[in-house]
Amino acid sequence: MSRLDVFINRMVSQRACLNHAAAATKGLRGPVFELGLGNGRTFHHMREIMAERDIFVFERDPTAQPDSTPSEDRLILGDVRKTLVDALTRFGPTATVVHADLGGQDLRKNDVFAKEISPLVEPLLAKGGFMVSSDRMYFAELEELALPPDAIPGRCFLYGHRS
């Protein structure tokens, strides 16, 4: 499979999982977290499908275009390994959707990073909330959920609290 096909499958799956998580958590109150802004495409989409929610973006060095960058009061600057710890104090377990697309081309490094941040993300997720990730995560209490029909297995992962 070409790198272009892998990218397209990831984007299609990411959109499907985010749309699913947004619809499934519509009645929940609490913030939405975007871990990593990148060029802002996902944040831009999340603003459209979750316009009524407070979306906070965790980013080390924002470089996205202005229309794809959150306002200063919704931008949490710094290394996510530190800012997620601070977020637990600030927000508690209230996040209705957490999205992470933090990996790069090195799958081994992505897996190591996912293992580092999984225990930092887990306590932030509200009951009934969803974690959407481009990489497999490692949670003690959250379980991997079935993907929506239009997502491609292995290109995006969904997690939630055990029933």
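Subtracting the Cα-Cα distance of Gln105 and Glu72 from 0.36 nm times their residue separation leaves 8.9 nm of extension gain.
Please report the net charge: other residues with Cβ closer than 12 Å to the Cβ of Glu143, K and R +1, D and E -1.
Here the charged neighbours net out to -2.
Think of it as helices only: each DSSP H run of n ≥ 4 in the chain is worth -39500 (n - 2.57), and spread over all residues that comes to -11500 deg cm²/dmol at 222 nm. Placing unit charges on the Cβ atoms only, positive for Lys and Arg and negative for Asp and Glu, gives the chain a dipole magnitude near 220 debye about its Cα centre. A full extension of the chain between Asp61 and Arg90 corresponds to an added length of 8.3 nm, given 0.36 nm per residue minus the alpha carbon distance.
Across all directions, the average flat footprint of the convex hull enclosing the Cα atoms of region 38-163 is 8.1 nm². Split the chain at each of the GluC sites (Glu not before Pro) in a DSSP loop with at most 12 other beta carbon atoms within 10 Å, and the longest piece is 53-140. Straight-line cross-link partners of Lys109 among the lysines, defined as a Cα under 20 Å from its Cα and at least 8 positions apart when in the same chain: Lys82. Within straight-line reach of Lys115, meaning a Cα separation under 19 Å, sit the following aspartates and glutamates at least 8 residues removed in sequence or on another chain: Glu34, Glu59, Asp79, Asp86, Asp101, Asp106, Asp135, Glu141, Glu143, Glu144.
Bridging of Lys26 to aspartates and glutamates at a Cα separation below 12 Å is possible for Glu52, once same-chain residues fewer than 8 apart are set aside. Of all beta bridges that DSSP places with both ends in region 20-163, some 30 percent have antiparallel geometry.
Taking only the Cα atoms of region 93-163, the ratio Rg/Rh comes out at 0.95, with Rh defined as the Kirkwood radius. Normalised by the number of residues in the chain, the mean separation of alpha-carbon contacts (under 8 Å, six or more apart) gives a relative contact order of 27 percent. Just want the answer: with Cβ charges of +1 for Lys and Arg and -1 for Asp and Glu, which residue in Val80, Ile55, Ile117 is farthest toward the dipole's positive end in the chain? It is Ile117, whose Cα lies furthest towards the positive end.
Quick note: the coordinates plus some simple rules give every number you see, no bench work behind them. From a predicted model like this one, the values you see are computed outputs, not experimental measurements. Cβ atoms come from the backbone with ideal geometry, glycine included; neighbour counts cover every protein chain shown.
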